[in-house]
1. Restricting segment 47-71 to residues that are among the aliphatic types (A, V, I, L, M), surrounded by 12 or more Cβ atoms within 10 Å (Cβ to Cβ) and out of contact with any Pro (no Cβ under 7 Å at 6 or more places or on another chain), which is nearest to Cys11 (Cα to Cα)?
2. Taking into account only those residues within segment 84-143 that are charged (D, E, K, R) and assigned to a helix (DSSP H, G or I), which is surrounded by the most Cβ atoms within 10 Å (Cβ to Cβ)?
3. Considering only segment 117-155, state which residues are under 29 Å from His20 (Cβ atoms) and either modelled with pLDDT under 95 or acidic (Asp, Glu) (or both).
4. Do you know which residues across segment 47-81 are in a helix (DSSP H, G or I) and polar (S, T, N, Q)?
5. Note down all Cβ pairs under 8 Å where the first residue falls in segment 55-72 and is closer than 8 Å to Ser84 by Cβ, the second is in a helix (DSSP H, G or I), and they're at least six residues apart or on different chains.
6. I'd like to verify a number: residues in segment 252-291 that are closer than 23 Å to Pro188 by Cα, in a helix (DSSP H, G or I) and in contact with a helix residue (DSSP H, G or I) (Cβ under 6 Å, 6 or more places away or on another chain), how many?
7. Does Val33 satisfy the criteria of being closer than 25 Å to Ala248 by Cβ and of a type in the set (A, V, I, L, M)?
8. So in segment 182-201, with the set limited to residues that are more than 18 Å from Pro230 (Cβ to Cβ) and in contact with a strand residue (DSSP E or B) (Cβ under 8 Å, 6 or more places away or on another chain), which one is surrounded by the most Cβ atoms within 10 Å (Cβ to Cβ)?
Amino acid sequence: MATGFILHSDCLLHEMGRGHPESPARLDAVRAVMQSLELTQIEAALATREQLALIHTERHIDFIEESAPATGYFQIDGDTTMNSATWQAALRAAGSGIAAVDAVMAGRVDNVFCAVRPPGHHAEPDRSMGFCLFNNIAIAAKYALTHYGLERVALIDFDVHHGNGSEVAFQNDPAVLMCSFFQSPLYPYSGLNSKRQNMVNVPIPAHSNGEMIRALVRNSWLPALEAFRPEFIFISAGFDAHEADMLAQLELVEEDYAWITTELVQVAKKHAQGRMVSCLEGGYHLGALASSSLAHVQALMKAVSE
């Protein structure tokens, strides 16, 4: 089988103004390093309103659609802006996760990396924030549950920021286990007090390194995943915990992302027939983003070849 890859040109047209760290150059950097790999290209459709509504309220969907400017920009919050291409890009980003699930469930590929923007894990069911409009990975996970009748999926988030949108979407949902680590204190200043049984949130201090991250994965994530036995694993793949990233202060390197991915692959092979979908979240140092996403995808590819 194979590893799939999605990167659609629509996602390059969304931009939030000069100097914004979440820029089209991020996808250019990822695309450049993926060109040398033997990946199965998958085309992403535009997400439908029905698919968006798996996670988001009708009111929120209407707000995003109606706010899309014909020219110039529309400011959602201090961090998040729309231009004339943003609505189409957001539909394509959400549609990428759905196309990835379909490709995996059809047996075309074992796993997929979706290089998408806008990112998604901060988007709550009824609001956008933190560069995110719709929660791409949460929509994909819910789609797998509802469309394919799966009973248990895991959502792993290794972005440096807590995936508040994903937690709000799945809090107290016994069909979803969410495992994450995130720098704390740091935007969005959430995830610290969750006592929900399906949430394994591990806040970590600034300057934590890969050795510390590997220990928490072994001690917290892996036992929870083993007990849960997920039938599909979804990953919010943010690479802004890299030591070179300027928006946070963790100290991961490429080998740490490869190690985390490999550990998750082993869980997927044991319980989920190898089924995994990963969607890009953060990562704002272009060189670190490119090399870290490459390490992540190469670990996914290695799983397929073994």
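The values are calculated or read from the model by the stated rules, or taken from the named source; none is laboratory data. The shown structure was predicted, so the numbers you read here are calculated from the model rather than taken from an experiment. All Cβ positions, glycine included, derive from the backbone under ideal geometry; neighbour counts span all protein chains shown.
1. Going through segment 47-71, the residues among the aliphatic types (A, V, I, L, M) turn out to be 47, 52-55, 61, 64, 68, 70.
Checking the rest, the ones that are also surrounded by 12 or more Cβ atoms within 10 Å (Cβ to Cβ) come to 47, 52-55, 61, 64, 68.
Keeping just the survivors that are out of contact with any Pro (no Cβ under 7 Å at 6 or more places or on another chain) gives 47, 52-54, 61, 64, 68.
Numbers: Ala47: 13, Leu52: 17, Ala53: 21, Leu54: 21, Ile61: 18, Ile64: 16, Ala68: 15 Å.
The residue in question is Ala47.
2. Initial filter on segment 84-143 (charged (D, E, K, R)): 92, 102, 108, 110, 117, 124, 126-127, 142.
Filter again for assigned to a helix (DSSP H, G or I), leaving 92, 102, 142.
On the way: Arg92: 26, Asp102: 18, Lys142: 24.
So the residue we want is Arg92.
3. Within segment 117-155, Glu124, Asp126 meet the criteria.
4. Gln51, Ser67
5. Once the first residue is closer than 8 Å to Ser84 by Cβ and sits in segment 55-72, its partners that are in a helix (DSSP H, G or I) give Ala68/Thr86; Ala68/Trp87.
6. 3
7. yes
8. Pass one, segment 182-201, residues more than 18 Å from Pro230 (Cβ to Cβ): 182-195.
With the extra rule that they be in contact with a strand residue (DSSP E or B) (Cβ under 8 Å, 6 or more places away or on another chain), the set shrinks to 182-184, 188, 191-192, 194.
On the way: Phe182: 26, Gln183: 22, Ser184: 17, Pro188: 17, Gly191: 21, Leu192: 11, Ser194: 15.
Looking at residues that are more than 18 Å from Pro230 (Cβ to Cβ) and in contact with a strand residue (DSSP E or B) (Cβ under 8 Å, 6 or more places away or on another chain), I get Phe182.
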